[in-house]
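All remarks here apply to the structure that follows.
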Amino acid sequence: MKKNLTYKIIEKHLVSGEMKAGKEIAIKIDQTLTQDATGTMVYLQFEAIGIKRVQTELSVSYVDHNTIQTDYKNPDDHLFLQSFAKKYGLYFSRPGNGICHQVHLERFGLPGKTLLGSDSHTPTGGGLGMLAIGAGGLDIACAMAGAPFTLNMPKVIGIHLTGSLQSMCSAKDVILELLRRCTVKNGVGKVFEYFGDGVASLSVPQRATITNMGAELGVTTSIFPSDRVTKEWLALQKREGWQELAADDGAEYDEIIDIDLTKIEPMIAQPHMPDLVVPVREIEGKKIVQAAIGSCTNSSINDLGIAADILDGKTVAPNVSLGVAPGSKQVYTSAIEAGIIKKLVKSGARMLESACGPCIGMGFAPASGGASVRTFNRNFKGRSGTATAEIYLASPETAAASALYGCITDPRKVKVKFTDYSAKTEINDNMIEKPAPGSDFDSIEIIRGPNIKPCPKASPAPESFTAEVLIKTGDNITTDHIMPAGTRVLPYRSNIPEIAKFVFEAVSPGFYDRAMKAGTGVIIGGENYGQGSSREHAALAPMYLGVKAVITKSFARIHKANLINFGIVPLVFENPADYDIIKEGMSLSFPSFLSDIKSGKRVKAVDPATGREFYFVHDLEKKGVDLIEAGGMLNYIFNTRK
Ligand code: MIC
Ligand code: SF4
């Protein structure tokens with residue numbers, strides 16, 4: 001059998017299961033990463049599991065999401081994370097050192113390794129030939145404790161690249177084109193593996209832009225081969241550990257998608273979904289109030305350099321505020337040395353911290369009703385911090401050209417000769433703390449501020465219950481809808497009772513009060529429920545509010561796993577027409593809930609008002625059933641240990 005690269009890496013890491021698409025497998029995890037907004041819960045859970053030191057080859061704790069620090073909550077989290085890393089054997093990337101995915105790519109990622117991260121854009125590492133997967137925090141805690149990661153063996157889709165990009169067309173346009181073709185929901189259960197002659201024309205950061213935003217396709221991960229380009233890039237980073245990795249010639253793929261890079265043109269995602277993609281030329285001229293360059297998708301030195309070269313000697317349009325956030329301290333200092341920052345600041349750009357910032361609604365929100373062109377990866381409604389804002393996603397070329405002209409602009413109208421800044425890379429790891437050496441870890445004290453509350457546990461699954469339908473949503477509900485982020489909410493990531501008050505806040509005001517009153521609830525959803533981020537708070541907080549089951553037409557991968565980890569059953573309508581019959585506010589009785597789950601795939605519910613029966617199905621395998629029965633992963637671990 002001619003093997004694809006994904007197959008080869010999984011085979012090397014396989015702990016159990018059969019490598020057949022859709023079958024449950026478990027793989028060894030070499031590296032983990034967390035960021036602060038998900039990390040505090042991960043480490044509280046790791047503490048609860050009770051292992052003394054991390055068991056992976058390498059685990060890194062980053063601080064990049066909550067860096068605004070309007071009060072004690074965020075800095076308290078940072079101190080907790082820092083002290084935790086020291087005690088348990090992790091590297092700690094201090095606030096200011098940059099966005100986890102960019103820093104991990106630069107400083108830790110290695111071809112052929114598996115990486116599990118508590119952030120959905122962990123597949124950025126696929127740009128280096130890693131098998132890098134985003135997951136919920138509890139899965140990361142378990143991987144750090146040495147447990148293999150369980151997933152369904154994905155289908156592998158070969159993305160066949162030919163040709164090379166034309167001037168002003170970029171890697172971002174490639175992934176936007178794929179989003180246009182495949183949409184946000186068709187990647188579930190798949191890996192996108194890139195191959196073909198076109199690969200060599202893309203740099204590692206360009207590849208990483210593509211694999212990063214594969215998250216928006218819903219794929220398990222995306223991966224590029226590791227070739228000479230990878231080797232040279234790692235050498236630039238003064239890193240060792242390169243190895244050549246590629247699919248066998250003529251390798252088998254479940255499907256092949258052809259992309260001729262030469263034909264790619266500037267693309268843009270319109271509000272409010274990353275797959276509402278059109279060529280930039282089709283919506284040229286739309287006035288904007290803001291442009292932003294950065295985020296884990298496009299914040300490498302060349303991304304900033306492109307903007308600087310376009311804006312060099314000119315001034316940002318008077319109606320536009322341009323924000324630039326370098327992806328890492330390394331990018332920032334290198335860009336200073338290369339003169340990029342000077343060009344940007346002279347043109348009127350506002351330099352932002354090396355952090356997620358506006359991508360997750362932490363500052364730099366657009367004006368009311370304003371349009372903003374961002375090089376980011378998500379444009380869900382309200383995520384920017386302004387409910388009425390219109391967020392467009394595009395390349396650095398398009399964002400900079402639009403900032404210059406004050407309206408959405410096809411960058412091909414700007415004539416610039418770009419400099420390749422990658423050789424300017426300056427290395428200095430002084431903001432990365434190494435795990436403490438020695439053996440007196442017990443004496444290291446964990447610093448725990450008042451906002452850090454223990455992770456709540458679910459109760460074991462009941463045999464029967466009656467629940468209120470707390471909400472009925474449409475398709476493509478994101479985790480930002482379920483558990484919003486931004487300056488008001490993110491500071492409570494370590495405090496579930498408080499953050500639970502924000503569940504479905506914008507979609508269904510009063511959800512929290514209804515859930516508290518009902519005591520036991522279920523959620524009804526449409527297709528691709530829970531797409532977007534890996535935040536387990538979107539499962540943990542509903543669990544805390546008494547949600548026992550989420551019943552949908554289909555689920556996004558990470559959210560579904562998070563629900564199971566916290567003892568909430570993900571169910572799918574056996575008869576999709578029942579979606580129209582079940583209404584918000586009605587009751588549903590589950591007369592034999594646990595027995596149904598354990599004995600087969602069908603769960604029965606009854607409307608007590610009419611006696612009408614409904615059937616829902618689950619696809620849990622043995623481990624999933626055990627987790628539900630126990631009331632989630634933490635209970636399961638404790639029970640099996642007894
Ligand atoms: C995001 O981009 O939505 C986030 C914020 O990075 C999340 C993680 C989180 O909610 O903390 C993600 O992508 O997983
Ligand atoms: Fe941070 Fe945005 Fe990337 Fe999420 S998508 S990790 S918020 S930069």
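The values are calculated or read from the model by the stated rules, or taken from the named source; none is laboratory data. All of these numbers come straight from a predicted model, not from anything done at the bench. Note that each Cβ is placed from the backbone with ideal geometry, even for glycine, and that neighbours are counted across all protein chains shown. Heads up: the accessible areas ignore ligands, DNA and RNA and are worked out on the full protein's heavy atoms, side chains in. Shrake-Rupley method; radii C 1.70, N 1.55, O 1.52, S 1.80 Å.
Quick notes on this structure:
- Sparsely packed loop sites in segment 309-352 (the trypsin sites (Lys or Arg not before Pro) outside DSSP H, G, I, E and B with at most 16 other Cβ atoms within 10 Å) comprise Lys314.
- Within the chain: Cβ-based charge dipole about Cα centre, in debye rounded to nearest 20 (Lys, Arg +1; Asp, Glu -1): 660
- The 3J(HN,Hα) values that the Karplus relation (6.51, -1.76, 1.60; θ = phi - 60°) gives for segment 531-545 are, in residue order, 5, x, 6, 8, 4, 6, 4, 6, 10, 5, 5, x, 4, 4, 8 Hz. Gly and Pro appear as x.
- Taking Cβ atoms as reference points and 14 Å as the exclusive limit, the residues near Ala307 contribute a net charge of +3, counting Lys and Arg as +1 and Asp and Glu as -1.
- On segment 327-383, 54 percent of the accessible area sits on carbon and sulfur atoms, based on a 1.4 Å probe.
- Taking Trp233, Trp242 and ordering them by how much accessible surface each has at a 1.4 Å probe, largest first, produces Trp242, Trp233.
- Those lysines that a straight Cα-Cα span of less than 28 Å connects to Lys381, excepting residues fewer than 8 apart in one chain: Lys73, Lys172, Lys185, Lys190, Lys286, Lys287, Lys472, Lys501, Lys548, Lys553, Lys560, Lys583
- Residues whose amide H comes within less than 5 Å of that of Gly525, counting only those at least five positions distant or on another chain, are Thr473, Ile551, Thr552, Lys553 (H built at 1.01 Å from N in the peptide plane).
- Per residue, the chain exposes 35 Å² of accessible surface when a 1.4 Å probe is rolled over the protein heavy atoms with every protein chain present.
- Karplus-derived 3J(HN,Hα) values for segment 450-463, using 6.51 cos²θ - 1.76 cosθ + 1.60 with θ = phi - 60°, are x, 8, 8, 10, x, 6, x, 10, 7, 8, x, 4, x, 5 Hz; glycine and proline are entered as x.
- Computed [θ] at 222 nm, deg cm²/dmol, the chain (DSSP H ≥ 4; -39,500 (n - 2.57); rounded to nearest 500): -8000 deg cm²/dmol
- Sites matching trypsin sites (Lys or Arg not before Pro) across segment 211-307 that sit in DSSP coil, with at most 10 neighbouring C-beta atoms within 10 Å: Lys238
- Cα gyration tensor shape for segment 485-642, rounded if a/c is under 1.5, else prolate or oblate: oblate
- The tail of the calculated P(r) for segment 150-201, taken as Cα-Cα distances beyond 18 Å, holds 40 percent of the pairs.
- Heavy atoms of Glu244: accessible area, 1.4 Å probe, square angstrom to 10: 130
- Principal axis extents of the C-alpha atoms in segment 185-247 (largest first, rounded to whole Å): 38, 21, 19.
- Cut-off under 5 Å, modelled amide H: who pairs with Asn152 long-range: Ile25
- Tyr332 contributes an accessible area of around 60 Å² to the protein surface, as traced by a 1.4 Å probe with all chains present.
- Volume per residue for the chain equals 142 cubic angstrom (convex hull of Cα atoms).
- Solvent-accessible surface (1.4 angstrom probe) belonging to Leu14, in square angstrom, nearest 10: 60
- The phi torsions of segment 314-321, fed into the Karplus equation with coefficients 6.51, -1.76 and 1.60 and a -60° offset, translate into couplings of 10, 10, 4, 3, x, 8, 10, 10 Hz, rounded to whole numbers, with Gly and Pro shown as x.
- Placing a pseudo-label 7 Å from each Cα along the Cα-to-Cβ vector at Lys415 and Arg180 gives an inter-label distance of 2.6 nm.
- Three-way shape label, segment 356-402, alpha-carbon gyration tensor, a/c 1.5: prolate
- A cut-off under 9 angstrom between Cβ atoms defines the neighbours of Ser83, and their net charge, with Lys, Arg +1 and Asp, Glu -1, is +2.
- Cα gyration tensor shape for segment 1-135, rounded if a/c is under 1.5, else prolate or oblate: prolate
- The GluC sites (Glu not before Pro) of segment 1-86 meeting both criteria, a DSSP state outside H, G, I, E and B (loop) and at most 15 other C-beta atoms within 10 angstrom of the site's C-beta, are Glu18, Glu57.
- Equivalent ellipsoid semi-axes, segment 179-317, via Cα gyration tensor eigenvalues times 5, rooted, Å: 28, 22, 13
- Nitroxide proxy distance, nm - points 7 Å out along Cα→Cβ at Val606 and Ser587: 1.2
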